[in-house]
Each structure stands twice: as structure tokens, then as C-alpha cells.
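Chemist: Encoded as C-alpha cells, here's the structure I'll be asking about.
The values are calculated or read from the model by the stated rules, or taken from the named source; none is laboratory data. This structure is a prediction, so every number in the text was calculated from the model and none was measured. Here the Cβ positions follow ideal geometry from the backbone for every residue, glycine too, while neighbour counts run over all protein chains shown.
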């Protein structure tokens, strides 16, 4: 491992950042002082709005024109505060580079990944066209893209989410920067892909001596990768310590709150009363097959292949697996949004194979759906109250949102949102508040079955904890059955009675939660469990060794 150098790669002193808005100045960062050395990973953690991303973006001068910045940010000997655009372009890529949270938006869909890598190299005038292409191939190989000589000419859509993130990392590394700023680089990734990306970043630190500023709210990722941690709250740093000291003895109350909110795999044994398992299931899949039609004469793609499971009334079934495993496809088929190609799928007594929409429509009032991103599922032109009232007007015969308002207020109260929030628009609520409103809408018609598709993956850890506690309370109170789709096994452990583990469209393992998570039989399940980072550096080091062992299975 490359030892951290004494000279800071980045040194931030008394940084203040404010943004001019119509309602007055908003102070996003107040008096922040920190540094990161070569060969060191500094994690800046905190919830949305804490100022961590604004602090990191000052390193590359990526703040909007409405930002006012005071203090110094010295990057590899250069104070970047106040540099003009030309000077900043010289710094970006060579002294510092950024890995963005969502690789799909960081990559241009109309150019090959090789062209995009080469563009950055040639922009700095150091490479000919042929040299840039050769360097692009070299960088793709370095970050673990298979067959880089061939894949350098592929487009972003031809790569998986984890591979796209590797390409973004390759672009950041292309000019050998002193510092890499990684802004939530694993938030949108499955746990197994996340483990691989963290391993890649660890190798950059250890072998190349790269300084890494890691922006995240995932304390498991911090425990896995960080050397030091700075905790931010309301624009200020409230605690700085080595990773081991911070997790062993957090000093600030906010740090303790963050750590307490992290869901942990505790192998909880949840069982339904025997009487509920003997009645007719809400959902029964037997040898279920779902296919997507091939284009231009190609054979159909089989997304789900002979899958069987049941969901009893009042039961929570956790459906887990990586992206592309078929879990969301199954959820959509249960909701009548994707046709069934073979086998049998009975939902609330209706056979979905060959079902006509007019036959299934009466059952829709018994289904609730909670989406991953409530911001895109709400009509932005309607208030929260009007959005929650929609299913009541469509299915319950209520003539207007005003008539539905008493029921809407009951629902908002049930999900612990003040009824006054009904007058707000979706963009005026935080992510956690929007997800509570999404729950209220899903419960409006007292559904017998709720389909929750990754409902907490985009939330801060403390907000996620509150939403999951609320979900568990509501499920127990109203007794609806739930299909909970997720890739987070700790969340499944908190909520699910049964677990189905999907891998490439087939069931790798299924059974009671405690059995599957406590004593997994399938190598893929063991790899999923070993990939889940925990907020404890000592335990995480042991889990990392176990994960390395499972990669060979």
C-alpha cells in the first residue's frame, strides 16, 4: 500500500459558499477546513443538504455562477478559488477529476466510449488521435472492462450500470490526476457491483497513491474504503476522525444518529401465523415465464424463466437480486403492466396469462404501487393532496379532490406527514417526505397487495430508516400483503417473512428470511451477503476477505 504523503493533495481552509436566490442568500457551506493527502481516502458524509457535494465541487470549480465562495482551496499547489475558466480547464483532468453519481448522465449516448475517453485526452493537447485511442483501450482494461480493444468502439447503452461506472472512472483516471472526487459513486449500483467498484478505488489508492475524496451517505461504504472521515451537518463539519476511531467512538450526537440508522443484517426470524398461510394466496406464480419480443427477427429474450412462489395475505415477500435479474419484471407482471408468456401467475384470483385489461381492471383497486423515485411518479402540476386523491377519484367514485380531502388527510396522518403538506407541490417536499406521500397514495384504497419497487434505495440512511420503520408499522396495522423488490439484504431482513433470490431470471434460492440469510446454500446468495458492507471497519475487513473468497465460487 502506498503510504500517504505528508504534503496535502488538497487543502481547504475556512471555506464559505453561499448561493444567491430570489428568497435571499442560502449559506450552503460555513467555515469548512480539511485536507486530504496522496494515497488517502477522505470520506465526507452527511445527509442531503449537508453541504458535502458543494464542498467537493469547489475542488474542481464546478459551482454555478450564482455561488459566492470565500476561503482557499489549494489543489496540488494551486488555489482554485477565483481561477478563470481557462485556468480551471487546465486543472480539471490533470490535477483533479470527478466521478459522478449517475454514469448514464455523465456519458454522451451518441458517441462511443472510446471517442469520449479520447476527447478528454486530446483536449489537453498531449495525444495524437492514434495515441489517444491506444490510451483509451489501456484505461478500459485497467478498470476491468473485458475485451477493451473491441469494446472501445461500443456505445454507453451497450454496457451494464457497473461497467458504465467503470468507464466514468477510466475517464477520470485518463490524465493521471492527483485527486479524484467520487460523488456517491456506488449509490445506484447493486451490492455485488458496488463491492467491485470499491475494490477498484482501493487499488487506485494503494497502487497509484491517488488521493480520493469520497462523498457518500452510506456508512458501510465509508467503513469499507475510507482512511479518515469528515461528518457534515447544516454546512459545517461537526466531527473529523480516522475511520476506525469514528466508528468505535463517535463523538458528535449527529454522527451517532447516522450510525444508528444504518440497517444491519441481523437474521430476524419472521413467520406468519399458520392460519394465514393456509388460505388462498394473494399471488401464486408457478413456472412463470416472461419474455420480451426480439427485434429485427431476433429470438425473444427470456427475462423470467420458470419461477414459482406464493405471497399469502398479510405476508411480506422480499424479491432480491442484481439489476437484470428479473425482479422488477415480475413486479410489473403482477401489476398487469407486462404480459405473461408461459406458466401460471394468479393475482388476487385472476389468471394473468392471456388476461384482458378489461377483466383485470376491477382488481386494480386492490393493488398499491410504491415506486423507487416518487418525484417522477407524482404529477408536478398537482398538489400532494390532489396526487393522493387521484386513485380515490378513479376507483372509489369520488367526484373531486375536495370530496376526497377528509380521506387524504387521514392517509397523510397515517404516514406521519402534517396535513398542511397536502397543499404543497411535490418539488417542495424532501425525498423522504415524497416517499411518505407515495405510501399514502398507495394505501388510499386499502389494497390487499402492495408492490414496492426499491422504495428506499435513493434515500439518505436516516431518512431510509424512518421510512422503513413507518412501512413496517403500516403493514402490521393494515395487514396488506407486500412484494418488496430490493437489492439491499439488510432491508429484506428488517421486513420480509420470505425471501426469493433471483439470478439471471431464475430462482437461486428461496425460503424463510432467517433460513436464506442465516444459512444460504447457493454460492450466489453467499456472494450477495458477503458484498453487503457493514458500518464497522474491523468487521468489514473480514467480510471483504469473505467476498474475495466467494468470487471464486
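Chemist: Restricted to region 185-194, and to residues that are within 18 Å of residue 205 (Cβ to Cβ) and part of a loop (DSSP other than H, G, I, E, B), which residue is modelled with the highest pLDDT?
Modeler: Of everything passing the filter in region 185-194, 185 is modelled with the highest pLDDT.
Yes/no matrix, rows are residues, columns are (1) out of contact with any helix residue (DSSP H, G or I) (no Cβ under 9 Å at 6 or more places or on another chain); (2) surrounded by fewer than 20 Cβ atoms within 10 Å (Cβ to Cβ); (3) over 30 Å from residue 73 (Cβ atoms):
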site	(1), (2), (3)
226	no, no, no
238	no, yes, no
287	yes, yes, yes
295	yes, yes, yes
302	yes, yes, yes
306	yes, yes, yes
315	no, no, yes
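Chemist: Tell me which helices (runs of 4 or more DSSP H) are completely within region 326-442 and hold 2 or more residues being surrounded by 21 or more Cβ atoms within 10 Å (Cβ to Cβ) and either under 24 Å from the mean Cα position of the chain (by Cα) or outside the structural domain of residue 471 (by TED's automatic domain parsing) (or both), or say none if there are none.
Modeler: So the answer is 327-334, 431-442.
Chemist: So which residues in region 18-42 are at pLDDT 90 or above and farther than 26 Å from residue 250 by Cβ, if there are any at all?
Modeler: The answer is 18, 38.
Chemist: Do you know which of the residues in region 271-292 that are at pLDDT 85 or above and outside any strand (DSSP E or B) is nearest to residue 329 (Cα to Cα)?
Modeler: My answer is 282.
Chemist: Okay, next question. Conditions first: (1) at pLDDT 90 or above; (2) under 29 Å from residue 148 (Cβ atoms). Residue 75 passes all but one, so which condition is the exception?
Modeler: (2)
Chemist: Any residue in region 460-475 that's free of Cβ contacts under 8 Å to residues at least 12 places away in the same chain: show its pairings with residues that are crowded, with 18+ Cβ neighbours inside 10 Å and assigned to a helix (DSSP H, G or I) at Cβ separation under 9 Å, as long as the two are six or more apart or on different chains.
Modeler: 469/494
Chemist: To continue, here is another question. Which of the residues that make up region 199-241 are assigned to a strand (DSSP E or B) and free of Cβ contacts under 8 Å to residues at least 60 places away in the same chain?
Modeler: Hits for region 199-241 are 238, 239, 241.
Chemist: Go through the residues of region 511-526 one by one and say whether even a single one is within 30 Å of residue 227 (Cα to Cα) and modelled with pLDDT under 90.
Modeler: yes
Chemist: Something else: If residue 45 meets every condition in (1) surrounded by 22 or more Cβ atoms within 10 Å (Cβ to Cβ); (2) at pLDDT below 90; (3) more than 15 Å from residue 12 (Cβ to Cβ) apart from one, which number is that one?
Modeler: The number of the failed condition is (2).
Chemist: When the residues of region 474-503 are narrowed to those that are more than 15 Å from the chain's Cα centre (by Cα) and farther than 14 Å from residue 314 by Cβ, which ends up surrounded by the fewest Cβ atoms within 10 Å (Cβ to Cβ)?
Modeler: 503
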